[in-house]
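Trainee: Sharing a structure here in structure tokens format.
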Amino acid sequence: MSVMGKFVVPYVSARNFAKIGAALQTVKPNRTYFTYTQELSQPLDRKPEFLTAKEAFEKCLKSGQTVYSQGAAATPVPLLNAMTEVGKAGSLRDIKVVHMHTEKDAAYVAPECKDIFRSVSLFMAANVRKSVAEGRSDAIPIFLQDIPKLFHRKIIQPDIAVIQVSPPDQHGYCSLGTSVDCVRAALVNSKIIIAQINVNMPRTFGDAIIHVSHVDYAVEDNTPLPDHGGKGGSPEETKIGQLIGDNLVEDGATLQMGIGNIPDAVLSALKNHKDLGIHSEMFSVGVIDLVKRGCVTNNKKKTHKGRIVGSFLVGNKELYDFVDNNPFIEMLEIDYVNNTHIISQQPTMTAINSCIEVDLTGQVCADSIGTRMFSGFGGQVDFIRGAAESLDGRGKPIIAIVSNTKRGESKIVPTLKIGAGVVTTRAHVHYVVTEQGIANLFGKTLRQRAYELIKIAHPDHRESLEKAAFERLKYISANVSGELYSRENCTQEPVQTSELPVSFNFSLNTVLKEPTIQKSSQARVKLINSIQHFDTEDWNNVRYAEVQKQYCSAPGFTYLKTNEEIKSYDKYSSLALIERGFAAITHALIMQNEAAQSAFTALIEWASFSGNNITAKSLHEKVNELFIKGNFQKISSDILQLACGYRAELVQQRRDNILRSVKDSFLKSSLRKIPPTSENLFNKESFSTAIEKSGGMSKVFWPLRAPTQNKAAAQAQPHQQTQVRT
């Protein structure tokens with residue numbers, strides 16, 4: 001064996017060379033002889049055969065074959081539909097269809113195609129999730145940069161490759177257009193290529209070029225490319241974009257982001273940035289405006305300076321028109337674009353990725369929901385690691401998520417769901433951003449990570465996350481600082497503050513005389529009336545049971561019980577049902593005291609560092625962070641909810657005691673609907689009107705019953721009309 005280039009070629013003696021040459025001259029040149037060439041731009045002495053999609057597959061599709069399909073916006077949907085029809089009509093079996101993310105409906109994964117086709121996803125889209133979950137399709141966990149290796153190493157050997165290209169130019173060159181990714185690796189290792197030639201496919205440069213002579217069967221079909229027009233982001237997504245744009249993206253940074261509302265929101269926040277670059281497996285329509293404004297120049301990049309680098313696209317017509325015949329864009333192979341060492345060369349590489357959930361230690365799940373596969377590894381780890389290794393030391397690996405799901409569940413969780421896969425490890429993660437703020441986890445201990453992540457979780461879930469953190473990590477917010485070594489932006493030694501207390505001690509004296517109560521202001525009466533919902537139909541709908549349950553199950557909580565020695569004389573062994581409401585409030589007040597002490601301590605520590613350059617604005621922001629966005633505000637809100645809810649319950653019990661004396665059940669129901677006011681158990685005017693219409697007090701209420709011990713005395717007295725205080 002001798003080596004020619006990097007391919008091993010068998011040695012042929014001079015005696016046999018003439019015989020082989022003569023034999024080859026009698027065979028029509030075929031692309032198959034060039035299976036191992038690396039240059040799809042090399043013209044061959046042949047032309048494709050133009051057929052309909054159905055005719056093309058009828059000529060070459062057989063049982064047991066492997067078919068590769070191009071994906072993303074270049075998914076050749078008409079070809080795949082024709083393949084499905086031919087497979088069903090011909091009663092074929094065991095055909096594998098290998099692909100990345102594909103668009104539109106995947107007809108070949110329908111239940112009736114179970115034994116004919118089997119999808120093998122290298123990155124799963126919505127159109128195959130159900131079939132994977134039901135066991136009719138497969139998924140391969142793999143980094144995007146490693147996918148071409150599957151073809152070059154013959155782990156996947158396609159018999160047929162189906163692609164979509166632009167029409168050939170005057171030299172016979174087509175373009176793979178919106179999707180280069182792993183296509184070239186699949187094509188040079190496929191026996192047959194079927195190409196859909198589409199005038200709507202943009203002509204892109206870089207590794208997208210393929211000479212039409214490499215195509216065996218050509219199908220002309222001008223179906224429009226998929227249109228993923230932006231629907232507009234939520235306020236939370238807009239806030240995330242603003243936080244990233246204002247705090248984490250520097251001038252001259254190189255960006256990687258996908259498509260979706262969060263990447264678009266980030267791009268919208270960069271309109272005042274300068275000399276940005278794009279090196280991303282994919283990018284969205286939001287890039288166009290930044291190019292037009294001169295914000296994206298790519299001038300600072302170390303590779304492909306002055307050009308945007310991508311590998312595949314999904315977008316709308318505006319994006320497709322932007323990349324069409326545009327030398328400012330280079331579409332390159334995925335094993336190059338996602339190569340960690342290439343990524344790390346870019347200046348201030350800023351990688352923005354999303355996920356499904358993050359646990360309190362920073363583990364990221366991005367490919368599954370529990371045991372159910374959702375997408376794939378994609379390029380998240382490729383770029384997260386590349387950004388972390390940025391050669392200028394200024395790279396920023398970012399995970400960006402909305403803090404809650406649409407159903408109100410937290411995406412920051414104590415532990416990942418059972419069966420969930422870890423795509424990005426806790427050691428990879430640096431920044432996590434939600435609409436609540438930014439958490440920098442790099443260099444943080446596990447407890448500090450929990451502290452930082454709880455701060456950016458949705459306020460509705462912070463209490464439960466703190467409880468989970470305590471159980472898992474013995475984390476307590478009052479004694480875990482968010483910083484381990486030094487404070488950010490602090491260049492000087494801390495100021496000596498020995499004359500200042502480092503903490504506050506609150507005196508909790510509950511043995512007090514009855515204070516003198518001043519008359520409440522009308523504004524406060526109005527406020528209390530409002531938060532208690534008096535004079536409204538919702539007055540008794542104050543939901544506090546779940547909050548009460550949280551505080552009654554918090555560490556350190558105990559119920560008041562009767563003494564052991566009198567259990568036999570007491571009907572009930574515990575007073576829990578009686579005192580539950582006030583006990584929860586008491587416990588919450590203690591926790592509020594702890595939260596306030598922790599916040600004041602943190603404020604003093606923060607203020608003691610001269611590098612903070614305290615201003616009215618910075619002090620306002622810090623107080624807002626510690627008290628309004630922190631645990632103090634959450635507990636204060638809970639206390640108010642507990643008090644209002646328990647008060648409403650007590651008021652209703654008193655009202656029910658009165659209504660038990662009402663004779664008519666229908667009237668009783670009507671009276672129960674009359675809400676209380678801040679001064680009366682029932683709205684006085686409504687209550688009086690209802691009583692009068694029903695014939696007066698004596699007609700409405702049963703007579704009062706005298707107490708048993710005074711029954712004789714009561715009988716001796718003349719009957720008095722029932723009095724009801726309203």
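The values are calculated or read from the model by the stated rules, or taken from the named source; none is laboratory data. Bear in mind that the values here come from a model prediction, so they are computed numbers and not experimental data. Virtual Cβ from ideal backbone geometry, glycine too; neighbours counted across all protein chains shown.
Trainee: Please determine, by comparing only the residues of the stretch 395-447 that are in a loop (DSSP other than H, G, I, E, B) and under 21 Å from Ser280 (Cβ atoms), which one is farthest from the chain's Cα centre (by Cα).
Mentor: Checked the stretch 395-447; the qualifying residue farthest from the chain's Cα centre (by Cα) is Gly395.
Trainee: Which of the residues belonging to the stretch 156-180 are acidic (Asp, Glu) and more than 28 Å from Lys62 (Cα to Cα)?
Mentor: Asp169
Trainee: Please work out which one of (1) more than 28 Å from Glu58 (Cα to Cα); (2) polar (S, T, N, Q); (3) surrounded by fewer than 18 Cβ atoms within 10 Å (Cβ to Cβ) is the condition Gln256 fails and give its number.
Mentor: All conditions pass for Gln256, except number (3).
Trainee: Within the stretch 346-377, can you find the residues that are in contact (Cβ under 8 Å) with a residue 60 or more places away in the chain, more than 22 Å from Glu452 (Cβ to Cβ) and not in a strand (DSSP E or B)?
Mentor: Passing the criteria: Gln346, Pro347, Thr348, Asp367, Phe374, Ser375, Gly376, Phe377.
Trainee: Here's a check for you: in the stretch 613-646, which residue that is free of Cβ contacts under 8 Å to residues at least 12 places away in the same chain and part of a loop (DSSP other than H, G, I, E, B) is surrounded by the most Cβ atoms within 10 Å (Cβ to Cβ)?
Mentor: Only one residue fits best here, namely Ile614.
Trainee: On to the next question. Yes or no: Gly376 at pLDDT below 95 and either in contact with a helix residue (DSSP H, G or I) (Cβ under 9 Å, 6 or more places away or on another chain) or surrounded by fewer than 24 Cβ atoms within 10 Å (Cβ to Cβ) (or both)?
Mentor: For Gly376, the condition - at pLDDT below 95 and either in contact with a helix residue (DSSP H, G or I) (Cβ under 9 Å, 6 or more places away or on another chain) or surrounded by fewer than 24 Cβ atoms within 10 Å (Cβ to Cβ) (or both) - is met.
Trainee: From Ser175, Ser179, Ser234, grab the single residue that is closer than 30 Å to Leu276 by Cα and surrounded by fewer than 19 Cβ atoms within 10 Å (Cβ to Cβ).
Mentor: Exactly one of Ser175, Ser179, Ser234 is closer than 30 Å to Leu276 by Cα and surrounded by fewer than 19 Cβ atoms within 10 Å (Cβ to Cβ), namely Ser234.
Trainee: Go through the stretch 332-384 and give me each residue that's under 18 Å from the mean Cα position of the chain (by Cα) and of a type in the set (Ser, Thr, Tyr).
Mentor: Scanning the stretch 332-384 gives Ser354, Thr361, Ser368, Thr371, Ser375.
Trainee: Kindly establish whether Glu409 is in the same structural domain as Asp264 (by TED's automatic domain parsing), modelled with pLDDT under 90 and closer than 24 Å to Gln548 by Cβ.
Mentor: no
Trainee: Which residues, counting only those in the stretch 289-319, are in contact with a strand residue (DSSP E or B) (Cβ under 8 Å, 6 or more places away or on another chain), in a loop (DSSP other than H, G, I, E, B) and under 26 Å from Gly71 (Cα atoms)?
Mentor: Selection gives His304, Arg307, Ser311, Leu313, Val314.
Trainee: Continuing with this model, one more query. Out of the residues in the stretch 687-703 meeting the condition of being touching a helix residue (DSSP H, G or I) at 6+ places or on another chain (Cβ under 9 Å) and more than 17 Å from Val651 (Cα to Cα), tell me which one is surrounded by the fewest Cβ atoms within 10 Å (Cβ to Cβ).
Mentor: Checking each candidate, the answer is Lys699.
Trainee: Determine if the stretch 144-158 includes at least one residue that is β-branched (Val, Ile, Thr) and over 26 Å from the mean Cα position of the chain (by Cα).
Mentor: yes
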